[in-house]
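Asks: Sending over a structure as structure tokens; questions will come in a sec.
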Amino acid sequence: MRFEGRAVIVTGGSKGIGGGCSRLFCAEGGLVAILARGVEAGEALAAELNSQGPGRAVFIRCDVSQPEQLLQAIEQTVQEFGRLDCIINNAGWHPPATSIDDTSVEELRGLLDLNYVSTFAGSKFAVPHLRKTKGTIVNIASMVAILGQDMAAGYCGTKAAQIGLTKALAVELGRDGVRVNAILPGNIDTPLMRDWAATLDDPESALQRVANLQLSKRMGTAEEIARIALFLATDDSAFVTGQAIEAEGGASLDY
Ligand SMILES: NC(=O)c1ccc[n+]([C@@H]2O[C@H](COP(=O)([O-])OP(=O)(O)OC[C@H]3O[C@@H](n4cnc5c(N)ncnc54)[C@H](OP(=O)(O)O)[C@@H]3O)[C@@H](O)[C@H]2O)c1
């Protein structure tokens, strides 16, 4: 019950890494607002979590690339739960492999809105509530923000921007007792990863290739990332702020 009676917003909380966070925070007694676009998956997960407890969950339909929807969803969460202790800015997308030649500036702007501006806006709208609880912000960036990745210039840039924001906000909000950290996942087995594999000729061998990149020869799980988010959202990490925590199963070691 490490999040008992406390409230968290998980953007993109219906599936993948965000789904793992919704599940774990609810299992630890938390009040969880699941934000996503797809109503069916969001409502289904909220119903499942409410039937299991011990925490409580609500689904709020929200496209995080639309700041006014994000503001409304955050205010609705605070009305519902009476408080906000953490926002996990997780919703994001990795486009299929594309060269810079084939990426239009408009496409880049759209991805920036989804992956980065939403992180800024989610933090901005949550901060007045987080100041009251001395809460935390957890941003889900990516290992490729610092490693780079072939045919993903736009994506890597949006993820690196989240890290800069994390460090600057940690400084600014440290005065108010609000901590801000980022998690940089490596290869995690989620619907996004499987959607990417499905764009290739042989999805199963592509997934095996990705699994083999880790020292353990497997991908990470959403729950493993959620456990780091829980650590960052609780006093277990009271002395940790402005950090970009690499969770990549050793994939970047042993060249
Ligand atoms: N999987 C990996 O290996 C990996 C590695 C590094 C970083 N990441 C990062 O981790 C985050 C989550 O990735 P994932 O693999 O868990 O993705 P996923 O399996 O595709 O899940 C994405 C979640 O975000 C929601 N979402 C997508 N666009 C949204 C929007 N515009 N507004 C609100 N919700 C939206 C989706 O629901 P709806 O579609 O219904 O809205 C879903 O709940 C992303 O930021 C990604 O860049 C993932």
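Okay, residues lined up against (1) in contact with a strand residue (DSSP E or B) (Cβ under 8 Å, 6 or more places away or on another chain); (2) closer than 23 Å to residue 103 by Cα; (3) within 15 Å of the ligand (Cβ to nearest atom); (4) at pLDDT 95 or above:
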position	(1), (2), (3), (4)
158	no, yes, yes, yes
162	yes, yes, yes, yes
177	no, no, no, yes
186	yes, no, yes, yes
202	no, no, no, yes
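Asks: Quick one: is residue 80 farther than 17 Å from residue 183 by Cβ and without any contact (Cβ under 8 Å) to a residue 40 or more places away in the chain?
Replies: Details: farther than 17 Å from residue 183 by Cβ: yes; without any contact (Cβ under 8 Å) to a residue 40 or more places away in the chain: no.
Answer is no for this residue.
Asks: Okay, next question. Out of the stretch 84-116, which residues are under 20 Å from the mean Cα position of the chain (by Cα) and open to solvent by 50 Å² or more (accessible area, probe 1.4 Å)?
Replies: Initially, the stretch 84-116 is screened for residues under 20 Å from the mean Cα position of the chain (by Cα), giving 84-96, 108-116.
The answer is 93, 96, 108, 109, 112, 113, 116.
Asks: Just one of 157, 135 is surrounded by fewer than 19 Cβ atoms within 10 Å (Cβ to Cβ) and not acidic (Asp, Glu); which is it?
Replies: Details: 135 fails: surrounded by fewer than 19 Cβ atoms within 10 Å (Cβ to Cβ).
Within the list 157, 135, the selection yields 157.
Asks: Scan (1) more than 13 Å from the ligand (Cβ to nearest atom); (2) open to solvent by 10 Å² or more (accessible area, probe 1.4 Å) for the single condition residue 57 breaks and write down its number.
Replies: Status for residue 57: all satisfied but (2).
Asks: Which condition from (1) under 30 Å from residue 133 (Cβ atoms); (2) among the charged types (D, E, K, R); (3) away from the ligand (no atom under 14 Å from the Cβ) is the one that residue 224 breaks?
Replies: Of the numbered conditions (1) under 30 Å from residue 133 (Cβ atoms); (2) among the charged types (D, E, K, R); (3) away from the ligand (no atom under 14 Å from the Cβ), the odd one out for residue 224 is (3).
Asks: Considering each residue of the stretch 221-255, count those that are within 20 Å of residue 32 (Cα to Cα), among the hydrophobic types (A, V, I, L, M, F, W, C) and either open to solvent by 30 Å² or more (accessible area, probe 1.4 Å) or assigned to a loop (DSSP other than H, G, I, E, B) (or both), and give that number.
Replies: Result for the stretch 221-255: 2.
Asks: Checking residue 192 against (1) free of Cβ contacts under 8 Å to residues at least 60 places away in the same chain; (2) of a type outside the set (Lys, Arg); (3) near the ligand (Cβ under 9 Å from one of its atoms); (4) surrounded by fewer than 17 Cβ atoms within 10 Å (Cβ to Cβ), which single condition isn't satisfied?
Replies: (1)
Asks: From 171, 144, which residue is within 10 Å of the ligand (Cβ to nearest atom), surrounded by fewer than 24 Cβ atoms within 10 Å (Cβ to Cβ), at pLDDT 95 or above and of a type in the set (Val, Ile, Thr)? Let's see the steps before the verdict.
Replies: Working: 171 fails: within 10 Å of the ligand (Cβ to nearest atom).
One residue alone meets the criteria, 144.
Asks: So, one more: Checking residue 163 against (1) among the hydrophobic types (A, V, I, L, M, F, W, C); (2) in a helix (DSSP H, G or I); (3) open to solvent by 80 Å² or more (accessible area, probe 1.4 Å), only one condition comes out false. Which one?
Replies: Looking at each condition in turn, residue 163 falls short on (3).
Asks: Condition (residue is under 20 Å from the mean Cα position of the chain (by Cα) and of a type outside the set (Ser, Thr, Tyr)) applied to the stretch 197-209: is it met by at least one residue? Steps first, please.
Replies: So the first thing to find is which residues in the stretch 197-209 are under 20 Å from the mean Cα position of the chain (by Cα), and the list is none.
Checking the stretch 197-209: not a single residue is under 20 Å from the mean Cα position of the chain (by Cα) and of a type outside the set (Ser, Thr, Tyr).
Asks: What is the residue count in the stretch 1-27 for residues that are buried (at least 24 other Cβ atoms within 10 Å of the Cβ), of a type outside the set (Ser, Thr, Tyr) and in a loop (DSSP other than H, G, I, E, B)?
Replies: The qualifying residues number 2.
Asks: Quick check on this structure: which one of 45, 70, 35 is outside any helix (DSSP H, G or I), buried (at least 18 other Cβ atoms within 10 Å of the Cβ) and touching a helix residue (DSSP H, G or I) at 6+ places or on another chain (Cβ under 9 Å)?
Replies: On the way: 45 fails: outside any helix (DSSP H, G or I); 70 fails: outside any helix (DSSP H, G or I).
After applying the criteria, what remains is 35.
The values are calculated or read from the model by the stated rules, or taken from the named source; none is laboratory data. None of these values were measured; they are calculated from a predicted model. Methodologically, a virtual Cβ is constructed for each residue, glycine included, from the backbone with ideal geometry; neighbour enumeration extends over all protein chains shown. Keep in mind that these areas ignore ligands, DNA and RNA; they rest on the heavy atoms of the full protein, side chains included. Shrake-Rupley method; radii C 1.70, N 1.55, O 1.52, S 1.80 Å.
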